[in-house]
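Asks: Got a structure here, written out as structure tokens. Questions coming.
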Amino acid sequence: MEKTIDCRGMACPLPVVNAKNAAMSFTEDGTLTVLVDNEIAVQNLGKFAKKKGFASESETKGENDFAVTMQVKAEANAAELTQVQPSQQAAAAPSGGKTVLVGANTMGTGDEKLGKNLMKAFLFALASQDEVPANIIFFNTGAYLTCEGSDSVQDLKGLEGAGAQITTCGTCLDYYGLKEKLQVGSVSNMYDIVETLMASAVVIRP
């Protein structure tokens, strides 16, 4: 079975969502090719394939023209469909631990310099805790905190080394011209961010 879907021109998280829907339609093993127009989408699709257990590879076909090919396993789809029955979904308790959601490089509203100092202090204090959050997600101007020039990179590296999964929104990195400056953690997308939040027992927003 082979299928190609064209996701060029689509904003995050549509390429991943469409790839997931297309993969779920496979009733037998086969090849799914997803066409996209940016490297962030390529990375996000690669992460999706890895998470699903699908082998994948990407090809640069031209400027702003990429193809991501993944080997879809029908048995993985069947396992996902039967993992949680509809009657159990409402009763299922979140099991993803604590997630810290950072949507700005400042903390609170008011003076920007004060807000930046407060955020720096917050991340330092977070790195000093005995308990490490399961996830720390950065988006919008929060993306600056995981990139070159941030005073918090070392604190975040310490948290990552202690077991926290640190991710930054790929669309945000691209928007602010930071995708080549990421210093800690990995690139994420809105689909993964929502999945993580939905599975989290506690979400903390500084």
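Asks: Answer yes or no as to whether residue 61 is under 24 Å from residue 185 (Cβ atoms), at pLDDT below 95 and not in a loop (DSSP other than H, G, I, E, B).
Replies: Answer is no for this residue.
Asks: Contact list please: Cβ distance under 7 Å, first residue in segment 137-158 and assigned by TED's automatic domain parsing to the domain that holds residue 189, second residue among the basic types (Lys, Arg) and buried (at least 18 other Cβ atoms within 10 Å of the Cβ), pairs at least six apart or on different chains.
Replies: Filtered contacts from segment 137-158: 151/120; 152/120.
Asks: Related question: Are any of the residues in segment 104-124 over 30 Å from residue 20 (Cα atoms), out of contact with any Gly (no Cβ under 8 Å at 6 or more places or on another chain), free of Cβ contacts under 8 Å to residues at least 12 places away in the same chain and not in a helix (DSSP H, G or I)?
Replies: yes
Asks: Which of the residues belonging to segment 83-103 are loosely packed, with under 13 Cβ neighbours inside 10 Å and either at pLDDT 55 or above or in a loop (DSSP other than H, G, I, E, B) (or both)?
Replies: Scanning segment 83-103 gives 84, 85, 90, 91, 92, 93, 95.
Asks: Name the residues in segment 4-22 that are surrounded by 15 or more Cβ atoms within 10 Å (Cβ to Cβ) and under 19 Å from the mean Cα position of the chain (by Cα), would you?
Replies: 7, 10, 12, 13, 14, 15, 16, 17, 18, 19, 20, listed by residue number.
Asks: Quick check on my filter: what residues within segment 25-65 are among the hydrophobic types (A, V, I, L, M, F, W, C) and over 20 Å from the mean Cα position of the chain (by Cα)?
Replies: If the condition is that a residue be among the hydrophobic types (A, V, I, L, M, F, W, C) and over 20 Å from the mean Cα position of the chain (by Cα), then 26, 32 are the ones that fit.
Asks: Which ones in segment 117-137 are buried (at least 19 other Cβ atoms within 10 Å of the Cβ) and either touching a Cys at 6+ places or on another chain (Cβ under 6 Å) or not hydrophobic (A, V, I, L, M, F, W, C) (or both)?
Replies: 133, 135
Asks: Being of a type outside the set (S, T, N, Q) and more than 14 Å from the chain's Cα centre (by Cα) is the filter here; which residues of segment 183-201 pass it?
Replies: The one that is of a type outside the set (S, T, N, Q) and more than 14 Å from the chain's Cα centre (by Cα): 201.
Asks: Here is a further query. Does residue 46 satisfy the condition of being within 24 Å of residue 181 (Cα to Cα), in contact with a strand residue (DSSP E or B) (Cβ under 7 Å, 6 or more places away or on another chain), surrounded by 12 or more Cβ atoms within 10 Å (Cβ to Cβ) and not aliphatic (A, V, I, L, M)?
Replies: The answer is yes for residue 46.
Asks: Another one. Within segment 166-177, how many residues turn out to be under 13 Å from residue 132 (Cβ atoms) and surrounded by fewer than 18 Cβ atoms within 10 Å (Cβ to Cβ)?
Replies: Looking only at that region, the number is 0.
The values are calculated or read from the model by the stated rules, or taken from the named source; none is laboratory data. All figures in this text were calculated on a predicted structure; none of them were measured in a lab. Positions of Cβ are generated from backbone atoms using ideal geometry, with glycine treated the same way; all protein chains shown enter the neighbour counts.
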